[in-house]
Amino acid sequence: MSATHAIATPLVTLTEVRFAYGSGAAAAARARTAPGTRPATHAPASRAGAPASFALDVTRLDVAPKERVAVIGPSGAGKTTLLQLMCGILPLRGAGRAGRVELAGVDLAAIDDARRRALRASHVGLVFQELELLDHLTVLENVLLPYLAVPALHLDRAARARASELLERVGLASHTTRKPRRLSQGERQRVALARALVTEPALVLGDEPTGHLDPDTGERVLELLFDETRRTGAALVMVTHDHSQLARFERIIDVRALSGSDDTLSGDGTFSGDGAPPVDPRAGSGPAQMEPRS
Amino acid sequence: MIAGRLLLALRHAQHHWARTIVLLGCVALTAFVPAVSTVLMARYERQLGARAADTPLLVGARGNRFDLTLAALHFRSADLERVTWEDFERLLALGRGVCVPLHVGCTARGRPLVATTAEYAELRGLALAAGTDPLRIGEATLGAEAARALGLGVGDTLYTDQVESYDIARPPALRLRIVGVYAPRGTSDDGAVFADIKTAWAVLGIAHGHAEADSVDEALVVSRAPGSVQLSGAVLEHTELDDETLASFHLHAGPEALPLSAILVAPYTTKDATLMRTAINTAQRSREGLQAVVPSEVIADLLDVVFRVKRFFDLVGLVLAVTTAVLVGLVFVLSSRLRTAEMRTLDRLGAPRSTAALLYGVELGSVLALGIGLAALGVAAAVALLPNLIQAL
C-alpha cells in the first residue's frame with residue numbers, strides 16, 4: 001500500500017476503502033484485483049435518479065489537522081460518499097464494502113454505532129446542502145441543535161455563549177429568535193455554518209455549501225467558512241463544483257483518482273498541461289492528491 | 001441529554017399548534033365520553049341506591065312505580081295518582097310499622113316543598129343545624145343546600161310558588177316562616193323545603209284561613225243558615241299563618257279527600273314488612289288503588305335500564321377510541337414522511353438511532369397525557385357543575 005500524503009498525525013485516514021453497491025460492487029471488486037483499471041464510480045441511473053450501481057475505491061487518503069482540501073469530480077462520482085465515509089455516516093459494513101477509516105485516531109469500524117455517532121458529533125462539523133434547518137426551532141436553537149440532539153454533547157453555558165458569538169460573527173445576532181422560514185437562503189446557510197462550528201470540531205465537511213446560493217451570497221458564505229475554520233483551527237474538506245474557488249485550498253482531490261489511476265487537479269483551479277490532470281508524485285500506483293502549485 | 005430531545009419534540013408540537021390542538025381535542029373527547037359516563041353513572045347509582053336502601057317500603061297510588069319511587073325518594077315532580085289521608089290512617093291502624101305521610105309536587109322559590117310530619121326527619125336521620133322542625137302549618141325548615149342557595153335562615157320568610165298564576169280561583173302563594181335549617185346529608189333532602197303536611201293542603205287551597213264569618217262585612221255574606229255561613233269569594237284569605245291567623249285556618253275536606261303523594265313505611269320487622277306488602281297488594285287493596293313497592297327493587301330495575309343505556313355509550317366510546325387511534329396514527333405516519341429530512345439531519349449530526357422513535361413517542365405521549373388530563377378536568381367540571389342528576393331526571 002502506498003502512502004500518498006506525508007502527514008505526521010492525520011486527522012482522517014482512509015485506507016484501502018471500497019464502497020460499492022449494485023453491479024458496481026462486482027465492478028469494484030474486479031478493479032481491486034486489476035490495479036490500474038478505473039473504478040466504476042457511477043452507472044446508469046435507476047428510478048428517482050439513484051444510480052443502479054456505484055463503486056468508490058480509495059487507496060489511501062489522509063487529511064491533516066487544519067488542512068483545507070477541495071474535493072472535485074463529476075456528479076455521481078462519489079464526492080458526497082467520500083465525505084460520508086470520512087465521518088462515519090456511511091459505515092464500511094456489508095457486501096461490497098471494505099477498508100479502514102480512522103477519525104481522530106479512532107478506527108470507525110472498531111467502535112459501535114453509538115460511539116461512532118458521538119465521535120462524529122464531537123469532532124466533525126457538517127455543512128451539507130441537505131442538512132436542513134429545522135423550521136420549528138429558532139435560529140439559536142438550530143445552532144445548538146447538535147447539543148439538543150446528541151446525548152454525548154453537553155449543553156452548558158459555554159456552548160450557549162459560543163452559539164451566540166458565532167451568530168454574531170456570521171451577522172445574525174439580531175435574528176436569534178427568528179424561525180428559519182423568515183430568513184433568506186444566504187442567512188439560512190450562515191446559520192448552518194454556525195451550527196457546524198458550534199461544537200468546535202476538528203474537521204468541517206462541506207458538501208457544496210454554496211450550491212443553492214447566488215454568486216455574491218455564496219462568496220460571502222465561503223469567506224465566512226474559511227475565516228471561521230481558520231480562526232478555530234479546524235480542517236476543512238469541501239466538495240465544490242466551482243473551480244474558481246480552488247485556489248483557496250491547499251490541496252485538491254479528484255474523487256475519480258482516489259483509486260490511484262488518474263484525474264487530479266492543480267491547486268490553482270486549472271487543469272495542467274493539455275487537459276490531462278497532473279500526476280501526484282506522492283501517490284502510489286496512481287496519485288490521487290497533490291499540493292497546489294500556487 | 002434527553003432533555004434536549006424532549007425540547008425538540010415539544011417545539012415541534014408547539015410549532016404545529018393547529019395539528020396538536022386537533023389531536024388533543026380528539027384524545028380528550030375520546031377519553032372524556034366514557035369517563036364522564038362512568039363517573040356520573042356511578043354517582044347516579046350511589047345516590048339512588050343509598051336512598052332506596054334507607055326506605056324499606058313505599059306505599060302509593062297504583063301506576064308507574066318508577067315515578068312513585070323517584071317522587072317519594074327524590075321529590076321528582078310527577079303527575080302521580082293521589083293517595084289520601086284516610087289511606088294513611090288505615091296503614092297506621094295496621095300497627096306494623098312507622099308510617100310517614102308525604103306530599104310533594106308544590107314548590108317554594110323553585111325548591112320542592114316536601115310536606116310531611118315530624119317522623120320524616122327521624123326516618124331520614126335529618127339533624128338540625130339551626131332552629132326546629134316544621135311543627136305547625138305555615139312553618140318551613142330548609143335543607144342545607146336550599147338554605148345556601150336561597151340565602152335564607154331561621155327567621156326569614158319564603159313564599160310558595162302559585163300552582164296556577166292566572167287562575168283566580170286558586171289560592172294565593174303562602175308565606176312560610178323559616179323555623180329551622182337541617183345539616184347537610186348529601187341527599188335530595190338537602191335541596192328541599194320541608195313543611196307540615198297541612199301546609200301543602202293550604203297551598204293547594206284545601207285548607208285556608210280568613211276572617212271570622214261573624215266579623216266580615218255583611219255584604220260579603222252570601223247566605224246564613226243554622227250551623228253554616230256561606231261567604232262570598234271576595235273574602236280575602238290569609239296568606240301567612242301566624243299566632244293571630246292560625247286559629248282561623250280550617251280544612252274544607254275530609255280525610256278521604258286530603259291528598260298525599262306517598263306514604264313511607266318503616267316496618268318493625270321483616271315479617272311486618274311482608275305482611276304489609278301483602279295486605280296492600282292483595283286484590284282488595286289493589287281495587288282501592290294502592291300499591292306497595294320496595295324502593296331498592298324498583299331502583300335496581302331502573303338502574304338495569306340505565307346501565308343498558310350506558311353500554312350503548314360505552315360502545316360509542318369504543319368506536320370513538322378506534323377512530324381516534326386511526327386518526328392519530330394517520331397523522332403521525334404522514335408527519336413522519338414530512339419529517340424525513342429533519343430525521344436525516346439529526347441522524348447525520350450524530351443523534352442516536354432511537355431519536356426518531358423518541359421524538360415521535362414524546363410527542364404522542366404528550367398529546368395522550370394532555371388529552372387525558374383535559375378529559376379529567378372535563379369530568380371534574382361535569383361532576384362539579386352538573387345539577388343533581390336525580391333532580392334533572
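We did not get these values from a lab; they are worked out from the coordinates using the rules stated. Here the structure is a predicted model, which means the values were calculated and not measured. Using ideal geometry, Cβ is built from the backbone for each residue, glycine included, and neighbour counts are taken over all protein chains shown.
Just a few scattered comments:
- Order of A:VAL255, A:VAL143, B:VAL22, B:VAL298 under a 10 Å beta carbon neighbour criterion, fewest first: B:VAL22, B:VAL298, A:VAL255, A:VAL143
- Under a 5 Å amide H cut-off, with hydrogens placed 1.01 Å from N, B:ASP196 pairs with B:THR116, B:GLY138, B:GLU139 among residues at least 5 apart or on other chains.
- Rh (Kirkwood; distinct C-alpha pairs) - the stretch B:341-383, Å: 12.3
- Under a 5 Å amide H cut-off, with hydrogens placed 1.01 Å from N, A:VAL71 pairs with A:MET238, A:VAL239, A:THR240, A:ILE253 among residues at least 5 apart or on other chains.
- Derived scalar couplings ³J(HN,Hα) [the stretch B:312-321; Karplus, 6.51 cos²θ - 1.76 cosθ + 1.60; whole Hz; x for Gly, Pro]: 5, 5, 4, 5, 4, x, 5, 4, 4, 5
- Derived scalar couplings ³J(HN,Hα) [the stretch B:15-32; Karplus, 6.51 cos²θ - 1.76 cosθ + 1.60; whole Hz; x for Gly, Pro]: 5, 9, 5, 5, 4, 5, 5, 4, 5, 4, x, 4, 5, 4, 5, 4, 7, 5
- Summing +1 for each Lys or Arg and -1 for each Asp or Glu among the other residues whose beta-carbon sits under 13 angstrom from that of B:PRO352 gives +4.
- The HN-Hα couplings worked out from phi for the stretch B:110-118 by the Karplus form 6.51 cos²θ - 1.76 cosθ + 1.60 (θ = phi - 60°) are x, 8, x, 9, 9, 9, 7, 10, 4 Hz, whole numbers, x standing for Gly and Pro.
- Summing +1 for each Lys or Arg and -1 for each Asp or Glu among the other residues whose beta-carbon sits under 11 angstrom from that of A:LEU108 gives +2.
- Kirkwood hydrodynamic radius of the stretch B:1-66, from inverse mean 1/r over distinct Cα pairs, in Å: 16.7
- Shape call, the stretch A:115-160: gyration tensor on alpha carbons, a/c limit 1.5: oblate
- Straight-line cross-link partners of A:LYS79 among the lysines, defined as a Cα under 25 Å from its Cα and at least 8 positions apart when in the same chain: A:LYS66.
- Anisotropy class assigned to the stretch B:75-147 is oblate, per the alpha carbon gyration tensor with a/c at or over the 1.5 cut-off and a/b no larger than b/c.
- Long-range amide H partners of B:ARG111 with built H, under 5 Å: none
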